[in-house]
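For reference, the structure discussed in these notes is given below.
The values are calculated or read from the model by the stated rules, or taken from the named source; none is laboratory data. Keep in mind that this is a model prediction, so the values were computed, not measured. Quick reminder, even Gly has a Cβ in these numbers, built from the backbone with ideal geometry, and neighbours come from all protein chains shown. These accessible areas exclude ligands, DNA and RNA; they are computed on the full protein's heavy atoms, side chains included. Shrake-Rupley method; radii C 1.70, N 1.55, O 1.52, S 1.80 Å.
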Amino acid sequence: MCAAFPDFRLGTVLATSFTGTLSERLGDAVERIPTPHRLVDWLAVNGLAVDSCTTAQLDLARELRESIHAAATAAAIQDALPAAAVEVINDRSIQGRAAAILTPDGKRQWRLGSAACVEDALGVIAADAVGVIAGERDGKLALCASPTCRAAFFDTSQSRTRKWCDMNTCGNRQKKARFLANQRKNPRSTE
């Protein structure tokens, strides 16, 4: 992968990891799939390898990403799902061609055919989003507590009280900011 691009934020849930390809949505947004080739890289890292991607396919991917984010955000705050977002997710899910396979360790994994295209990979992501947003998994959708991020993530912690999409980025940044603010208020506490 090219060092000129920001690292991918990889999670355990495909659909919400995909929405993480655009981070800091309410701050200085970071686009992690700025080119078609970068989308190919992200898909490969997530077990959905395709040979190529066009600019039009990248546009479809971004439309799906924003639709998943909108629907996941609505679900996290228990609001009505946006009809346009649901339509895009359903359309991408229907258009994809992939098979669910069972791994030797008893987990489900998606497998694309030998002539797979970006639309097939997007179908897998959309199908994953359907399962997550419909509440078919053990966990809950939540929004990152960072005021500049607000990414949707899937909380599988035992208490379902996770606050950050990623502790190493948003959580660490917020804790550091809180520490520095306390240091400014109480400068003698470090002596």
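Just a yes or no: is a residue in segment 167-178 closer than 19 Å to GLY20 by Cα, touching a helix residue (DSSP H, G or I) at 6+ places or on another chain (Cβ under 8 Å), surrounded by 15 or more Cβ atoms within 10 Å (Cβ to Cβ) and among the polar types (S, T, N, Q)? No: zero hits. Residue count for segment 107-160 under the criterion of being over 24 Å from ALA80 (Cβ atoms), hydrophobic (A, V, I, L, M, F, W, C) and touching a Cys at 6+ places or on another chain (Cβ under 8 Å): the result is 1. Checking each residue in segment 64-83 for being touching a helix residue (DSSP H, G or I) at 6+ places or on another chain (Cβ under 7 Å), closer than 26 Å to LEU39 by Cα and surrounded by fewer than 19 Cβ atoms within 10 Å (Cβ to Cβ) picks out only PRO82. Filter segment 81-116 down to the residues that are over 20 Å from the mean Cα position of the chain (by Cα) and assigned to a loop (DSSP other than H, G, I, E, B) and list them by number. Of everything in segment 81-116, those that are over 20 Å from the mean Cα position of the chain (by Cα) and assigned to a loop (DSSP other than H, G, I, E, B) turn out to be ARG97, THR103, PRO104, ASP105, GLY106, LYS107, GLY113, SER114, ALA115, ALA116.
With the condition kept exactly as written, say whether any residue in segment 133-148 is over 15 Å from the mean Cα position of the chain (by Cα), at pLDDT below 90 and surrounded by 21 or more Cβ atoms within 10 Å (Cβ to Cβ). The answer is yes; a qualifying residue exists.
Among the residues here, ARG97 does not qualify as within 20 Å of GLY11 (Cα to Cα), in contact (Cβ under 8 Å) with a residue 12 or more places away in the chain and open to solvent by 50 Å² or more (accessible area, probe 1.4 Å).
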